[in-house]
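Student: Sharing a structure here in structure tokens format.
The values are calculated or read from the model by the stated rules, or taken from the named source; none is laboratory data. Keep in mind that this is a model prediction, so the values were computed, not measured. Cβ placement follows ideal geometry from the backbone for every residue including glycine, while neighbour counts extend to all protein chains displayed.
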Amino acid sequence: MNSIAEAAAQAFGLILAADPNLVGIVLLSLQVSLASVTTACILGLPLGAAIAVNEFPGKRFVVVVLNALMGLPPVVVGLFVYLMLSRAGPLGVFGILFTPTAMVIAQTILIAPLMAALSRQVVADAWSEYREQLRSLGETRLGAGATLLWDLRFTLATLVMAGFGRAASEVGAVIIVGGNIDGVTRVMTTTIALETSKGDLPLALGLGFILLFIVFLLNAGAYVVKETAQRRYG
Amino acid sequence: MVVARRAFVALLVALVPFAAQAQDKFITVASTTSTEQSGLFGFLLPVFQKKTGIQVRVVALGTGQALDVARRGDADVVFVHAKSAEEKFLSEGHGVKRYPVMYNDFVLIGPKSDPAKIAGGKDTLVALKKIQAAQAPFVSRGDRSGTHMAELTLWKDAGIEIDKSKGPWYRDTGQGMGPALNTASSLNAYVLADRGTWLAFKNRGGLAILVEGDKRLFNQYGVILVNPDKHPTVKKDLGQTFIDWLVSPEGQKLIADYKVGGEQLFFPNAGQPGV
Amino acid sequence: MRARFSLLPLRLSDVVFTVGPRRIIDGISLQLDAGLRTVIIGPNGAGKSVLLRLCHGLLRPTGGSIDWNAPEIAGGARRQAMVFQRPVLLRRSALGNVTYALKLANVPMGEREERALEALRKVGLEAYANHSARVLSGGEQQRLALARVWALRPEVLFLDEPTASLDPGATQEIEKVIEALHAAGTKIVLVTHNLGQASRLGDEILFLHQGRLVERAPADRFLKQPASLEAAKFLEGELPW
């Protein structure tokens, strides 16, 4: 119990001091997570909607695979991306290993299936309600997917926050492809891992509190925006 | 619409710093977790960067992993502490030349209660034999790091085939120095550690240094430029600048100046023959 | 813009629709002409809703054929529309829902808002133009669905029990709009359970029973003196299924 109190005290101290090193780490964490979630949404949401509104042979198999991909272990993805981006690997020529870009790539691979699988479910549920009316009005499949994604924007906003939470808390992939380089690819989660392995548990836990607090703030903000918008548009 | 535009701008802002980072003059150094966790790099590298404008990006792994990263051409320089592994690396043609840089020592850590009764001893091999005889809990890094390789060498020199005689008392954790110390602390077990990590380690619990000063615990660090003939993308000029600086009088003095809790951690010995 | 050829008459020839072992539509042949307001009635499970959806094109017949007089051009604006029992509206303003339908009908962007406002006016909802569609009452939502249809100026309008979920006041308002649409030239094909509504809105009645067209007659004659036994029983309330 003592460690937890000490950790909370450390967390407060760090926040109040606005330690520049910590600020840099927090900013990088946010940048990587936001970039990953954004790319994952751009890839995953239309894919999920497309699968939901279309019929094609093997559709059920695709849905099962998509749902299974939600459980991709981060460390496996990290290893895979590392081997791809290594100089000895097929994409080595780009030289982006051990950079934040590599971290964004790994996290996008982790989160895109999540966005696709969840949006597919949400759009499919709505499609059963909207299908007749939209077809009656002459909507195409492509248009229906887009229309539904926009109509479900409040539900999807919650999904996106879930994806962001997953990205912000992820450590297994980013530590392998980023290398946890001080000042370059060190983010909150990898710093916590580092401090834990150095034995500085109160500091690690304190950083953990800070990470939780930031994610909480972002979720609260998103919730408020969603609620106000929802009240206007039902 | 407004929402889409704001999101797009946010995305751009989010990605700009990545672009900026790509322009810096930098090298990638594969080194070990123990070296990084000792805090030495945090002390040395800012001085080097100020002097030369070269940013040194350290990827800290176990020695075995660090050398593997370099074998794939993902690092420009390796800075590790396992002479035989380094020489194998050179013989494979992945490195240009090995420069000794500094040394520190390993220490045999254990619980103050000391069930194997090794405290104060000066002979590591005797101590290890006692630990094995007493089947006292012992934590090994098990991760092909320099420390792990040194530990295995010591068991062998003590005449113990550790692979055969390990029992539940021998905990092979497959982790870095810090986590291994954490495990030892919670298990009240013996563990071989480098002095640097131990001095910086904060979660000691009931552990203390029980055996030190034995010549066998000598731990030499070497730095090698990754071979640009085999890996054309290696930044050989910048890398060599870093190596030259490490073994220069200025670099060597800085290494000696680095202290934790008033104690010097690393002892510069560049140019010393036979290490 | 007037269509070159009218969609009507619509011809159904021996149309069959099966789901698994059940024949929901069991061989119906009929012709729908312009001008008359057609009301389809019958007991539950007679296949009324399915027949409507077959005509509108939401379902494909398992057997037989459904032929419009002129084909709808693929990619062109739909010239026939449908209103469902529960209106499906998007999470947008009332105006937005109508302009959405106009967008799908390839109406140029500059014209959409004006036409949408005009349609809202016709159903008496112009005050709610910028209100969220989903917070409107049931009757208002159905009126909005009709406004959406009005803006499209369809040649044929299918309605599947449009007032079944509404109170009498709202029902009356919907019936007024349907009348107005008819007066403006749209062919009305209405399915209803409400016999009063059938007599108010219908010119001719199609009576369906167990997937077959059992009787077809002018509305007042049918309601006073049905020719078939099943129709007589139905009107007396003895044939719930």
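Student: Assess whether C:Leu102 counts as being surrounded by fewer than 20 Cβ atoms within 10 Å (Cβ to Cβ) and either in a strand (DSSP E or B) or within 11 Å of another protein chain (Cβ to nearest Cβ) (or both). Please lay out each step first, then the result.
Tutor: Details: surrounded by fewer than 20 Cβ atoms within 10 Å (Cβ to Cβ): no; either in a strand (DSSP E or B) or within 11 Å of another protein chain (Cβ to nearest Cβ) (or both): yes.
Against the criterion (surrounded by fewer than 20 Cβ atoms within 10 Å (Cβ to Cβ) and either in a strand (DSSP E or B) or within 11 Å of another protein chain (Cβ to nearest Cβ) (or both)), C:Leu102 does not qualify.
Student: Further, regarding this structure: Does B:Gly120 satisfy the criteria of being outside the structural domain of B:Asp237 (by TED's automatic domain parsing), among the small types (Gly, Ala, Ser) and surrounded by 22 or more Cβ atoms within 10 Å (Cβ to Cβ)? Full working, then the answer.
Tutor: On the way: outside the structural domain of B:Asp237 (by TED's automatic domain parsing): yes; among the small types (Gly, Ala, Ser): yes; surrounded by 22 or more Cβ atoms within 10 Å (Cβ to Cβ): no.
It is false that B:Gly120 is outside the structural domain of B:Asp237 (by TED's automatic domain parsing), among the small types (Gly, Ala, Ser) and surrounded by 22 or more Cβ atoms within 10 Å (Cβ to Cβ).
Student: So, of the residues in region A:65-94 that are closer than 24 Å to B:Gln55 by Cα, facing another protein chain (nearest Cβ under 8 Å) and crowded, with 16+ Cβ neighbours inside 10 Å, which turns out to be farthest from the chain's Cα centre (by Cα)?
Tutor: Here the residue is A:Arg87.
Student: Taking B:Ala136, is it modelled with pLDDT under 95, closer than 30 Å to B:Ser248 by Cα and either of a type in the set (A, V, I, L, M, F, W, C) or touching a Leu at 6+ places or on another chain (Cβ under 7 Å) (or both)? Lay out the reasoning, then the answer.
Tutor: Values: modelled with pLDDT under 95: yes; closer than 30 Å to B:Ser248 by Cα: no; either of a type in the set (A, V, I, L, M, F, W, C) or touching a Leu at 6+ places or on another chain (Cβ under 7 Å) (or both): yes.
No.
Student: With the condition kept exactly as written, say whether any residue in region A:56-71 is in contact with a Leu (Cβ under 8 Å, 6 or more places away or on another chain) and within 30 Å of B:Pro228 (Cβ to Cβ).
Tutor: There is no residue in region A:56-71 that is in contact with a Leu (Cβ under 8 Å, 6 or more places away or on another chain) and within 30 Å of B:Pro228 (Cβ to Cβ).
Student: Right, here's the next one. Tally time: how many residues in region A:1-25 are buried (at least 19 other Cβ atoms within 10 Å of the Cβ) and either within 29 Å of A:Thr158 (Cβ to Cβ) or of a type in the set (D, E, K, R) (or both)?
Tutor: 2
Student: Take B:Ala256 and decide whether it is assigned by TED's automatic domain parsing to the domain that holds B:Val126 and touching a Pro at 6+ places or on another chain (Cβ under 9 Å).
Tutor: Details: assigned by TED's automatic domain parsing to the domain that holds B:Val126: no; touching a Pro at 6+ places or on another chain (Cβ under 9 Å): yes.
No.
Student: Suppose the filter is in contact with a strand residue (DSSP E or B) (Cβ under 6 Å, 6 or more places away or on another chain) and polar (S, T, N, Q); does C:Thr171 pass it?
Tutor: Details: in contact with a strand residue (DSSP E or B) (Cβ under 6 Å, 6 or more places away or on another chain): no; polar (S, T, N, Q): yes.
So C:Thr171 fails the test.
Student: Does B:Val234 satisfy the criteria of being within 13 Å of chain A (Cβ to nearest Cβ), in a loop (DSSP other than H, G, I, E, B) and buried (at least 19 other Cβ atoms within 10 Å of the Cβ)?
Tutor: Values: within 13 Å of chain A (Cβ to nearest Cβ): yes; in a loop (DSSP other than H, G, I, E, B): yes; buried (at least 19 other Cβ atoms within 10 Å of the Cβ): yes.
Here the answer is yes, as B:Val234 does meet what is asked.
Student: Taking A:Gly48 as the residue in question, decide whether it is closer than 30 Å to B:Ala30 by Cβ and either within 12 Å of chain B (Cβ to nearest Cβ) or in a helix (DSSP H, G or I) (or both). Break it down into steps so the answer makes sense when it comes.
Tutor: Working: closer than 30 Å to B:Ala30 by Cβ: no; either within 12 Å of chain B (Cβ to nearest Cβ) or in a helix (DSSP H, G or I) (or both): yes.
Taking the combined requirement at face value, the residue does not satisfy it.
Student: Within region A:196-217, count every residue that is facing chain B (nearest Cβ under 9 Å) and either part of a helix (DSSP H, G or I) or out of contact with any Lys or Arg (no Cβ under 6 Å at 6 or more places or on another chain) (or both).
Tutor: Looking only at region A:196-217, we keep the residues that are facing chain B (nearest Cβ under 9 Å), and these are A:196-203.
After this cut, where a residue has to be either part of a helix (DSSP H, G or I) or out of contact with any Lys or Arg (no Cβ under 6 Å at 6 or more places or on another chain) (or both) as well, the list is A:196-198, A:201-203.
Selection size over region A:196-217: 6.
Student: Something else now. Would you confirm whether any residue within region A:162-178 is crowded, with 22+ Cβ neighbours inside 10 Å, closer than 19 Å to C:Ala94 by Cα and either of a type in the set (Gly, Ala, Ser) or away from chain C (no Cβ under 14 Å) (or both)?
Tutor: Looking for residues that are crowded, with 22+ Cβ neighbours inside 10 Å, closer than 19 Å to C:Ala94 by Cα and either of a type in the set (Gly, Ala, Ser) or away from chain C (no Cβ under 14 Å) (or both), one finds none in region A:162-178, hence no.
Student: Just to be sure, is B:Gly213 more than 30 Å from B:His94 (Cα to Cα) and over 21 Å from the mean Cα position of the chain (by Cα)? Step through it out loud before you land on a result.
Tutor: On the way: more than 30 Å from B:His94 (Cα to Cα): yes; over 21 Å from the mean Cα position of the chain (by Cα): no.
For B:Gly213, the condition - more than 30 Å from B:His94 (Cα to Cα) and over 21 Å from the mean Cα position of the chain (by Cα) - is not met.
Student: Would you point out which residue out of C:Gly76, C:Gly57, C:Gly45 is modelled with pLDDT of 90 or more and not charged (D, E, K, R)? Full working, then the answer.
Tutor: On the way: C:Gly76 fails: modelled with pLDDT of 90 or more; C:Gly45 fails: modelled with pLDDT of 90 or more.
C:Gly57 is the lone residue from the list that is modelled with pLDDT of 90 or more and not charged (D, E, K, R).
Student: Take the residues in region B:160-205 that are in a strand (DSSP E or B) and touching a helix residue (DSSP H, G or I) at 6+ places or on another chain (Cβ under 9 Å); name whichever of them is farthest from the other protein chains (Cβ to nearest Cβ).
Tutor: Residues of region B:160-205 in a strand (DSSP E or B): B:170-172, B:190-194.
In the following step, the residues that additionally are touching a helix residue (DSSP H, G or I) at 6+ places or on another chain (Cβ under 9 Å) were identified as B:170-171, B:190-194.
On the way: B:Tyr170: 21, B:Arg171: 16, B:Tyr190: 17, B:Val191: 12, B:Leu192: 16, B:Ala193: 11, B:Asp194: 13 Å.
It comes out as B:Tyr170.
Student: I've got another one for you. Inside region C:11-92, counting only strands (runs of 3 or more DSSP E) that do not spill past its ends, which hold 2 or more residues that are within 27 Å of C:Lys233 (Cβ to Cβ) and in contact (Cβ under 8 Å) with a residue 12 or more places away in the chain? I'd like the intermediate steps shown before the answer.
Tutor: Values: elements: C:22-32, C:38-41, C:63-67, C:80-83.
Because the criterion is at least 2 residues that are within 27 Å of C:Lys233 (Cβ to Cβ) and in contact (Cβ under 8 Å) with a residue 12 or more places away in the chain, the strands (runs of 3 or more DSSP E) in region C:11-92 that meet it are C:22-32, C:38-41.
Student: Just to be sure I understand the filter: pairs with C-beta atoms under 7 Å, separated by 6 or more residues or on different chains, first member in region C:161-172 and touching a residue at least 60 places away in the same chain (Cβ under 8 Å), second member of a type outside the set (Phe, Trp, Tyr) and buried (at least 18 other Cβ atoms within 10 Å of the Cβ). Which pairs pass?
Tutor: Correct list of pairs: C:Glu161/C:Val191; C:Glu161/C:Thr192; C:Pro162/C:Val83; C:Pro162/C:Gln142; C:Pro162/C:Ile174.
Student: Out of C:Glu179, C:Glu204, C:Glu161, report the one residue that is on the phi > 0 side of the Ramachandran plot and under 16 Å from the mean Cα position of the chain (by Cα).
Tutor: Details: C:Glu179 fails: on the phi > 0 side of the Ramachandran plot; C:Glu204 fails: on the phi > 0 side of the Ramachandran plot.
Only one candidate qualifies: C:Glu161.
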